């Protein structure tokens, strides 16, 4: 994961993520809408270096969602989250999936894969195989 400048505010990172959004869904939203949804709002004015790993992960997920891209690529999105954060992100990903969003998920967690994935591929010895 790319490391953010530890001195940037979580809210500033999301403002950057929303810059240039063209989708009608985001025309009337502020960067704080995803912050609130992902329960980062209590830290929206806090320096990134001063929030926990789980909250940093939520900020990164909110940034990924901000532009409403057709393809969402997530590498270990549940890393650092508590059980409530995991449940919240799973629910969000299932909603996005139901809405037709394509999600490429990299995970070592069998439960995440079982719950979220329609097609599963495994990398073994440098060879990608369908499971």
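The values are calculated or read from the model by the stated rules, or taken from the named source; none is laboratory data. Nothing here was measured: the structure is a model prediction, and the numbers come from that model. Methodologically, a virtual Cβ is constructed for each residue, glycine included, from the backbone with ideal geometry; neighbour enumeration extends over all protein chains shown.
Apart from one condition, residue 110 fits all of (1) under 22 Å from residue 66 (Cβ atoms); (2) at pLDDT 90 or above; the exception is (1).
Per the listing 91, 60, the residue uniquely touching a residue at least 40 places away in the same chain (Cβ under 8 Å) and under 13 Å from the mean Cα position of the chain (by Cα) is 60. Taken together, 93, 104 contain a single residue that is surrounded by 17 or more Cβ atoms within 10 Å (Cβ to Cβ), touching a strand residue (DSSP E or B) at 6+ places or on another chain (Cβ under 9 Å) and at pLDDT 85 or above, which is 93. Among the residues of the stretch 55-76, those that are in contact with a strand residue (DSSP E or B) (Cβ under 7 Å, 6 or more places away or on another chain) and in a loop (DSSP other than H, G, I, E, B) comprise 70, 76. If you go through the stretch 87-109 and pick out every residue that is more than 16 Å from residue 62 (Cβ to Cβ), part of a helix (DSSP H, G or I) and touching a helix residue (DSSP H, G or I) at 6+ places or on another chain (Cβ under 9 Å), you end up with 2. Considering 31, 77, the condition of being at pLDDT 55 or above and either over 15 Å from residue 116 (Cβ atoms) or crowded, with 17+ Cβ neighbours inside 10 Å (or both) is satisfied by 77 alone.
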